[in-house]
Amino acid sequence: MLTFRLHMEFTPQTSDQAAAVLRTLVGPVRSESGCSATRLLKDTEDGCMLTWVEEWRDVEDFERHLQGGAFRRILAVIELAAAPPTVEIDDVSSRRGFELVEEILGLTPAEGTECETG
């Protein structure tokens with residue numbers, strides 16, 4: 001699995017425009033072969049900070065995405081940014097869930113995940 005994160009800072013004048021363009025890309029990118037998730041996040045403390053996140057099944061699917069039209073539109077949004085973006089690409093060989101927390105804390109699955117009813 002590969003995760004691509006793009007952190008971008010905009011001015012108050014360009015933040016809404018950038019967010020609007022990126023929102024139109026969430027569905028199309030998510031529907032690309034090999035994409036398991038796409039998110040647009042807005043910083044709650046600084047509304048001019050946006051983070052674009054994509055999760056890909058493998059590197060090949062991500063590389064194919066980089067050559068497509070949706071990624072060209074993302075690059076155009078970067079041009080609106082007030083500063084160079086921060087890019088993070090994580091190539092993850094495995095993903096673990098709450099079972100890791102249970103393992104570390106020594107909980108059985110029932111102790112860590114079931115809700116008690118009164």
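The values are calculated or read from the model by the stated rules, or taken from the named source; none is laboratory data. Every value quoted in this text rests on a predicted model; they were computed, and no experiment measured them. Note that each Cβ is placed from the backbone with ideal geometry, even for glycine, and that neighbours are counted across all protein chains shown. With ligands, DNA and RNA removed, areas are computed over all heavy atoms of the protein, side chains included. Shrake-Rupley method; radii C 1.70, N 1.55, O 1.52, S 1.80 Å.
Filter region 25-60 down to the residues that are free of Cβ contacts under 8 Å to residues at least 24 places away in the same chain and either of a type outside the set (Asp, Glu) or within 14 Å of Arg73 (Cβ to Cβ) (or both) and list them by number.
Passing the criteria: Val26, Gly27, Arg30, Ser31, Ala37, Thr38, Arg39, Leu40, Leu41, Lys42, Thr44.
Has region 50-60 got any residue that is in a helix (DSSP H, G or I) and within 19 Å of Met1 (Cβ to Cβ)? Please lay out each step first, then the result.
Narrowing region 50-60 to residues in a helix (DSSP H, G or I): 59-60.
Those left that are additionally within 19 Å of Met1 (Cβ to Cβ): 59-60.
Yes, region 50-60 contains a residue that is in a helix (DSSP H, G or I) and within 19 Å of Met1 (Cβ to Cβ).
Which residue is modelled with the lowest pLDDT, if the candidates are limited to region 85-114 and must be surrounded by fewer than 10 Cβ atoms within 10 Å (Cβ to Cβ) and more than 18 Å from the chain's Cα centre (by Cα)?
Here the answer is Glu114.
Could you list, in sequence order, the residues of region 20-34 that are crowded, with 17+ Cβ neighbours inside 10 Å and out of contact with any strand residue (DSSP E or B) (no Cβ under 6 Å at 6 or more places or on another chain)?
Answer for region 20-34, where residues must be crowded, with 17+ Cβ neighbours inside 10 Å and out of contact with any strand residue (DSSP E or B) (no Cβ under 6 Å at 6 or more places or on another chain): Leu25, Glu32.
Exactly one condition in (1) touching a residue at least 12 places away in the same chain (Cβ under 8 Å); (2) open to solvent by 30 Å² or more (accessible area, probe 1.4 Å); (3) part of a helix (DSSP H, G or I); (4) more than 15 Å from Val26 (Cβ to Cβ) is not met by Arg73; state its number.
(4)
I'd like the residue in region 37-51 that is open to solvent by 50 Å² or more (accessible area, probe 1.4 Å) and touching a helix residue (DSSP H, G or I) at 6+ places or on another chain (Cβ under 8 Å) and, out of all such residues, is modelled with the lowest pLDDT.
Lys42
Condition test on Glu54, is it out of contact with any His (no Cβ under 7 Å at 6 or more places or on another chain) and either more than 24 Å from Gln17 (Cβ to Cβ) or surrounded by 12 or more Cβ atoms within 10 Å (Cβ to Cβ) (or both)? Write out each step before concluding.
Values: out of contact with any His (no Cβ under 7 Å at 6 or more places or on another chain): yes; either more than 24 Å from Gln17 (Cβ to Cβ) or surrounded by 12 or more Cβ atoms within 10 Å (Cβ to Cβ) (or both): yes.
When the stated conditions are applied, Glu54 passes them.
Does at least one position in region 60-73 carry a residue that is aromatic (Phe, Trp, Tyr) and in contact with a His (Cβ under 7 Å, 6 or more places away or on another chain)?
Yes.
Scan region 1-19 and give yes if some residue there is surrounded by 12 or more Cβ atoms within 10 Å (Cβ to Cβ), assigned to a helix (DSSP H, G or I), touching a residue at least 24 places away in the same chain (Cβ under 8 Å) and touching a Gly at 6+ places or on another chain (Cβ under 8 Å), otherwise no.
yes
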